[in-house]
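Peer 1: Take this structure, written in structure tokens, and hold onto it; I'll ask about it next.
The values are calculated or read from the model by the stated rules, or taken from the named source; none is laboratory data. Just so we're clear, the structure is a prediction, and the values are computed from it rather than from any experiment. Here the Cβ is made from the backbone with ideal geometry for all residues, glycine too, and neighbour counts use every protein chain on show. Ligands, DNA and RNA are stripped out before the accessible areas are found, and what is left, the full protein with its side chains, is counted by its heavy atoms. Shrake-Rupley method; radii C 1.70, N 1.55, O 1.52, S 1.80 Å.
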Amino acid sequence: MRYSGFRVIKEALTGHRGWGPAWRDPDPQPAYDYVVIGGGGHGLATAYYLAKEFKQSRIAVLEKGWIGGGNVGRNTTIVRSNYLLDGNEPFYEFSLKLWEGLEQDLNYNAMMSQRGIINLMHSDAQRDAYIRRGNAMILNGADAQLLDQKQVLEKYPFLNVKNARFPVMGGLLQARAGTARHDAVAWGYARAADQRGVDIIQNCEVTGFRIEGGRVQGVETTRGYIGAEKVGVCVAGSSSRVMAYAGMRLPIESHVLQAFVSEGLKPVLPGVITFGAGHFYCSQSDKGGLVFGGNIDGYNSYASRGNLPMVEDVMEEAIAMFPMLGRARLLRSWGGIMDMSMDGTPIIDKTHIDGLYFNGGWCYGGFKATPASGFVYAHLLATDTPHDTATAFRLDRFHTGHMVDEKGVGNQPNLH
Amino acid sequence: MIINHPILGPRDSSEFVYLGDACLINRPDWQAEDALEQFIDYGHTRDNPAGLHRELWYHEQGDRSWLVVTRNTVTHEITQVELARDVARAEGRSK
Ligand SMILES: Cc1cc2nc3c(=O)[nH]c(=O)nc-3n(C[C@H](O)[C@H](O)[C@H](O)COP(=O)(O)OP(=O)(O)OC[C@H]3O[C@@H](n4cnc5c(N)ncnc54)[C@H](O)[C@@H]3O)c2cc1C
């Protein structure tokens with residue numbers, strides 16, 4: 001069923017009896033050509049592009065819980081392509097271009113809103129770094145604009161720009177960046193993949209791989225053995241646990257990242273804004289809640305909930321930046337498990353086991369990557385060669401010394 | 001999280017800085033045949049378990065000691081706290 005304005009009117013007039021489920025709930029087949037493990041944004045996008053762009057068939061997505069219950073349903077929904085390094089920027093810009101056409105492509109309202117992101121700058125050194133980053137973005141076909149203090153104040157008149165320690169000197173604006181409705185991205189990909197014949201199998205946890213003669217044969221699951229020509233792992237925060245079933249240890253630590261939402265307020269924030277003197281980012285949802293977050297808690301965790309010191313830290317940054325927020329009440333907070341890689345950059349690569357592929361290490365920036373991650377992973381699975389924009393995301397880069405360390409902090413995951 | 005420091009007693013974890021897996025105590029021998037491989041592994045690969053994890057915490061805003069904390073990464077429960085020095089010595093290290 002195609003969704004359209006006419007359809008909404010027709011259903012409204014006929015008591016909404018014709019909608020039906022957005023995707024099937026099939027039982028697993030004994031074998032598939034492609035098994036994608038993980039029904040998050042990346043896994044669903046991978047299956048969709050495998051079917052659509054690479055004309056592959058017999059594809060299944062195996063999800064241990066329900067689709068969209070992982071990080072894709074927990075993130076702060078920021079979509080941007082404002083990276084510095086050559087290994088990253090073309091990939092994220094490719095992703096942003098896919099975002100721009102996503103809703104038409106999927107026939108699904110993902111509430112993509114290009115409301116712009118401003119990274120505030122507070123020192124001369126930071127201004128120079130932002131100029132360099134902005135130029136790198138423009139060289140890679142993205143958009144970037146340096147704003148002075150006056151231009152920032154035009155958009156955010158309430159900012160505390162004269163703060164003695166962290167005066168706001170201006171900011172780096174990417175106008176094409178913005179936010180998208182996180183759940184809708186998972187649902188939109190699921191529905192579009194399902195329409196192309198992909199089996200989305202929920203409540204199906206992968207508990208092992210069957211590997212014979214250096215080649216993957218299939219996966220053991222809580223719903224029985226499923227054979228597969230190729231297996232693509234795409235489980236974000238669970239990466240180390242799942243790859244351990246294949247005897248692999250990864251350059252990844254799992255950490256908890258918290259996010260917060262305030263009570264609903266009248267429109268105050270026109271776009272996404274980040275604090276340059278700490279780690280704090282904020283936007284306002286269409287319901288009016290301020291959605292914000294900061295750093296990861298900083299220690300290994302699989303708990304999906306964080307601790308109070310980081311809550312306090314994030315609130316302090318919020319108030320330093322917007323003193324007016326002092327009266328707003330916090331409504332909810334939650335956490336998600338981040339697959340923090342050793343250089344802060346993802347991995348999308350083959351493994352030493354034939355037919356077994358790995359996608360992970362997204363740190364806290366994988367939502368914006370969802371369309372491109374799915375596309376390039378489908379490319380790798382279907383053609384066995386990396387997509388042009390994803391050649392740097394190799395698993396062996398820690399051996400060869402080709403790390404892609406955007407922040408330049410080295411092999412310390414809790415600093416990325 | 002409260003870390004029960006062996007010398008100072010219970011302290012808030014926010015006084016500490018977290019380094020990572022306690023395997024970092026065991027720096028490979030730089031003269032070994034496969035020292036390069038060992039150092040790549042030491043620097044980058046981790047078990048990253050869901051469950052009990054032995055890890056290094058540094059009491060930066062306290063007595064500057066390094067601790068080995070055994071903590072469950074699923075529940076955040078801390079079950080054992082040792083001085084990293086004692087752990088290293090028990091493994092045969094001189095200091
Ligand atoms: C609080 C928070 C804020 C964030 N903010 C942003 C942001 O503003 N912008 C941005 O770009 N990114 C952000 N991120 C990061 C982003 O959400 C993730 O990097 C991205 O969603 C990860 O990819 P995914 O959607 O495929 O992961 P997930 O949705 O986590 O999907 C992985 C799936 O694998 C499943 N799985 C695990 N183990 C198994 C198994 N054994 N068998 C079967 N299935 C399994 C899980 O159940 C899960 O559904 C944020 C993350 C968090 C937690």
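Peer 1: To one decimal place, what Kirkwood hydrodynamic radius in Å is obtained for chain A from all pairs of distinct Cα atoms?
Peer 2: Details: mean 1/r = 0.0453 Å⁻¹.
22.1 Å is the Kirkwood radius here.
Peer 1: If you take the alpha carbon radius of gyration of the stretch A:1-73 and divide it by 2.2 N^0.38 Å, what ratio comes out, to two decimals?
Peer 2: Dividing the Cα Rg of the stretch A:1-73 by 2.2 N^0.38 Å gives 1.38.
Peer 1: Shifting gears a bit: Indicate the residues belonging to the stretch A:271-315 that lose 50 Å² or more of solvent-accessible heavy-atom surface (probe 1.4 Å) upon moving from the chain alone to the assembly of all protein chains, ignoring ligands and nucleic acids.
Peer 2: A:Tyr299, A:Asn300, A:Tyr302
Peer 1: Oh, and also: For chain A, what is the calculated [θ] at 222 nm in deg cm²/dmol (nearest 500), taking -39500 (n - 2.57) for each run of four or more DSSP H residues and dividing by its residue count?
Peer 2: The helix contribution divided over chain A gives -8500 deg cm²/dmol.
Peer 1: Sticking with this one: How big is the charge dipole of the stretch A:115-161 about its Cα centre, in debye rounded to the nearest 20, if each Lys and Arg gets +1 on its Cβ and each Asp and Glu gets -1 on its Cβ? Could you put the intermediate results ahead of the total?
Peer 2: Values: 6 positive and 5 negative charges, 22 e Å.
I would put it at about 100 debye.
Peer 1: Chains B and A: buried accessible surface, both sides, probe 1.4 Å, rounded to 100 Å²?
Peer 2: Details: alone 6430 and 18130 Å², together 22440 Å².
The contact between A and B buries close to 2100 Å².
Peer 1: Continuing with the same structure: Output the pairs from A:Lys64/A:Lys368; A:Lys10/A:Lys55; A:Lys64/A:Lys230; A:Lys150/A:Lys287 with a Cα-Cα distance over 26 Å in this structure; if there are none, say none.
Peer 2: On the way: A:Lys64/A:Lys368 23 Å; A:Lys10/A:Lys55 34 Å; A:Lys64/A:Lys230 19 Å; A:Lys150/A:Lys287 29 Å.
Checking Cα-Cα distances, A:Lys10/A:Lys55; A:Lys150/A:Lys287 exceed 26 Å.
Peer 1: Please list log₁₀ I(q)/I(0) at q = 0.11, 0.13 Å⁻¹ for the stretch B:2-90, using the Debye equation with identical point scatterers on the alpha-carbon positions.
Peer 2: -0.34, -0.47
Peer 1: Relative contact order of chain B, please, whole-number percent, based on alpha carbon pairs below 8 angstrom and at least 6 residues apart.
Peer 2: For chain B, the relative contact order is 26 percent.
Peer 1: Something else now. Can you tell me which of B:Thr70, B:Thr45, B:Thr79 moves the most in a GNM of chain B? Springs connect C-alpha atoms under 10 Å apart.
Peer 2: B:Thr45
Peer 1: Could I ask something else about it? Using a 1.4 angstrom probe, figure out how much accessible area the stretch B:2-90 has per residue, in square angstrom, rounded to the nearest whole. Kindly include the intermediate steps, with their values, before the conclusion.
Peer 2: Numbers: 4750 Å² over 89 residues.
On a per-residue basis, 53 Å².
Peer 1: Find the accessible area per residue for the stretch A:117-175; the probe is 1.4 Å, ligands and nucleic acids are left out, and the unit is Å². Write down the numbers at each step before the final one.
Peer 2: Values: 3070 Å² over 59 residues.
Using a 1.4 Å probe on heavy atoms only, each residue of the stretch A:117-175 averages 52 Å².
Peer 1: May I pose another question? Using the eigenvalues of the Cα gyration tensor, what equivalent ellipsoid semi-axes result for the stretch A:273-412 when each is taken as the square root of five times the eigenvalue, whole Å, largest first?
Peer 2: Values: eigenvalues 237, 55, 39 Å².
Result for the stretch A:273-412: semi-axes of 34, 17, 14 Å.
Peer 1: Now for a separate question. Rounded if a/c is under 1.5, else prolate if a/b is larger than b/c, else oblate: which is the stretch A:117-175, with a ≥ b ≥ c the root eigenvalues of its Cα gyration tensor? Could the numbers behind the result be given before it?
Peer 2: Working: a/c = 3.39, a/b = 1.61, b/c = 2.10.
Verdict is oblate for the stretch A:117-175.
Peer 1: Keeping all protein chains in position, work out how much accessible area A:His352 exposes to a 1.4 Å probe, and write it in Å² to the nearest 10.
Peer 2: 140 Å²
Peer 1: Using a Gaussian network model of chain A with C-alpha springs under 10 Å, which one of A:Ile347, A:Ile131, A:Ile59 is most mobile by mean-square fluctuation?
Peer 2: Of the options given, A:Ile131 has the highest mean-square fluctuation.
Peer 1: Also: Return the single residue from A:Pro270, A:Pro346, A:Pro21 with maximal mean-square fluctuation; model: Gaussian network over chain A, springs between Cα atoms under 10 Å.
Peer 2: For chain A, modelled as a Gaussian network with Cα springs under 10 Å, the answer is A:Pro21.
Peer 1: On C-alpha positions alone, give me the angle between the axis of helix B:35-44 and the longest principal axis of chain B, in degrees, nearest 10.
Peer 2: Long axis of B:35-44 versus the principal axis of chain B: about 30 degrees.
Peer 1: Compare each residue of the stretch A:375-416 in its chain alone against the assembly with all protein chains, and report those whose accessible area goes down by 10 Å² or more; 1.4 Å probe, heavy atoms.
Peer 2: By number: A:Phe398, A:His399, A:Met403, A:Asn411, A:Gln412, A:Asn414.
Peer 1: Let me ask you something else. Give the Debye-formula value of log10 I(q)/I(0) at each listed q (0.28, 0.30, 0.31 Å⁻¹), with one equal scatterer per alpha carbon of the stretch A:88-137, two decimals each.
Peer 2: With no solvent term, the Cα-only Debye profile gives -1.07, -1.12, -1.14.
Peer 1: Ok, one more. Quick one: with all protein chains in place, what share of the accessible area of the protein assembly as shown is carbon or sulfur, to the nearest percent (1.4 Å probe)? Show your work: numbers first, answer last.
Peer 2: Values: 11530 of 22440 Å².
Carbon with sulfur: 51 percent of the solvent-accessible area.
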